[in-house]
Ligand code: G3I
């Protein structure tokens with residue numbers, strides 16, 4: 001029994017976690033991360049990103065990601081692969097190279113062909129484009145080498161390149177603050193339509209789900225938002241779920257309620273294929289001074305663990 005076992009019993013493909021080299025190197029943490037009953041899916045937290053996989057032009061490095069992939073395969077966990085084209089964690093040879101439009105397109109296509117090709121057949125899904133939208137739903141340009149040099153056309157070009165490199169992977173657009181209806185969620189729906197209008201395949205929308213304890217509200221708002229995406233013919237998933245609460249003054253009961261709300265919403269939508277939490281222990285979280293995850297800093301289960309189990313229903 002566990003978080004993944006219950007998700008599968010509820011008809012989902014997986015309940016999973018982000019995993020990192022840091023966790024692989026911590027035996028106590030890794031023992032939790034390896035438990036297939038809790039985690040049927042992994043996402044590399046940083047190891048498949050552009051700066052990790054192509055640190056200098058045309059020179060690819062897969063060592064850290066390959067270790068995580070090997071552990072996943074040994075334990076039967078499926079992989080969501082993350083992330084090909086993002087404005088962050090791009091090495092300076094790309095951002096400071098002064099490349100023109102045509103050259104940057106070929107750099108992006110070459111990167112995708114190599115990385116997706118290296119993991120061909122191993123990724124259930126790829127986050128092809130990550131966080132390409134501003135909060136008002138417009139396409140991000142400022143601060144993005146891709147958006148400012150190529151323009152929004154980089155998005156369908158990236159999806160086409162990923163499809164060519166691994167026709168079997170589900171290709172996702174992934175973003176945050178799209179968990180409820182609003183300008184950014186509408187922008188994400190427009191982005192999906194735009195990719196399709198160029199004839200490129202897109203199969204999924206990843207709601208990152210970086211949420212704040214006490215601000216989640218009702219499941220019905222999450223459900224209707226997901227239905228806005230599934231109506232476009234794509235599947236949805238929560239891809240980076242965490243529930244911030246200040247470590248100095250945490251509210252773990254409300255956090256447990258809010259996790260259960262998200263699980264209940266996914267359970268109600270047939271097209272919601274699974275949930276990934278962005279790490280599992282508060283010892284290793286990207287959010288400073290926060291305790292957002294279901295295990296505490298000493299690897300003990302918090303109230304959120306039981307509430308997630310319960311929200312999936314019986315095994
Ligand atoms: O690469 C250096 C390494 O050489 C050095 O030893 C180490 C020392 O602290 O720092 C390393 O880089 C850090 C990297 O994580 C690996 O630990 C970066 O400084 C740090 O900025 C980076 O943070 C990651 C962040 O993405 C970058 O934007 C977080 O771990 C990761 O959780 C976070 O994940 C993102 C998703 O990919 C996309 N959605 C938002 C989410 C949260 O920001």
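A short reminder: the numbers here are calculations on the coordinates, not readings from a lab. As the structure is a prediction and not an experimental result, all values here were calculated from the model. Methodologically, a virtual Cβ is constructed for each residue, glycine included, from the backbone with ideal geometry; neighbour enumeration extends over all protein chains shown.
Shape of the stretch 135-243 from its Cα gyration tensor (a ≥ b ≥ c, root eigenvalues): rounded if a/c is under 1.5, otherwise prolate when a/b > b/c, or oblate? Verdict is prolate for the stretch 135-243. Between residue 25 and residue 197, the modelled label-to-label distance comes to 4.7 nm, taking each label 7 Å out from Cα in the direction of the beta carbon. Using a simple spin-label model with pseudo-atoms 7 Å out from Cα toward Cβ, residue 230 and residue 114 lie 3.9 nm apart. If R0 is taken as 45 Å, the Cβ-Cβ distance between residue 148 and residue 75 corresponds to a FRET efficiency of 0.65.
What number, rounded to the nearest 500 deg cm²/dmol, is the helix-based mean residue ellipticity at 222 nm of the chain, given -39500 (n - 2.57) per DSSP H run of at least four residues and division by all its residues?
Numbers: 13 runs with 128 residues, N = 315.
Calculated at 222 nm, the ellipticity per residue is -12000 deg cm²/dmol.
Enter the Cα centre distance for the pair the stretch 30-84 and the stretch 259-282, rounded to the nearest angstrom. About 20 Å separates the Cα centre of the stretch 30-84 from the one of the stretch 259-282.
Antiparallel as a % of all DSSP beta bridges within the chain, to the nearest 5? The antiparallel fraction comes to roughly 10 percent.
The Cα atoms of the stretch 246-295 give a gyration tensor whose axes a ≥ b ≥ c have a/c of 1.5 or more with a/b no greater than b/c, which makes the shape oblate. Please identify which residues in the stretch 29-73 have an amide N closer than 20 Å to a label point set 7 Å out from the Cα of residue 301, following the Cα→Cβ vector. Counting backbone N atoms under 20 Å from the label point, the list is 29-42.
Estimated from the Cβ-Cβ distance and a Förster radius of 22 angstrom, the FRET efficiency linking residue 61 and residue 122 is about 0.80.
A full extension of the chain between residue 218 and residue 9 corresponds to an added length of 72.9 nm, given 0.36 nm per residue minus the alpha carbon distance. Pairs of Cα atoms nearer than 8 Å and 6+ residues apart set the relative contact order; for the stretch 3-312 it is 16 percent. Beta-bridge orientation, the stretch 111-269: approximately 5 percent antiparallel, per DSSP, counting only bridges with both partners inside.
Computed over the Cα atoms of the chain, what is the ratio Rg over Rh, Rh following Kirkwood?
Working: Rg = 18.6 Å, Rh = 19.6 Å.
Here Rg/Rh amounts to 0.95.
Using a cut-off of under 18 Å, list every residue of the stretch 110-143 whose amide N is near the label point 7 Å from the Cα of residue 183 along the Cα-to-beta-carbon line. The answer is 131-143.
Look at the alpha carbon pairs under 8 Å that are at least 6 residues apart: their mean separation over the length of the stretch 33-96 gives a relative contact order of 46 percent. Under the classification rounded if a/c is under 1.5, otherwise prolate if a/b is larger than b/c and oblate if not, where does the stretch 189-278 fall, given a ≥ b ≥ c as square roots of the Cα gyration tensor eigenvalues? Verdict is prolate for the stretch 189-278.
Distance from the Cα centroid of the stretch 135-170 to that of the stretch 190-238 is 17 Å (rounded to whole angstrom).
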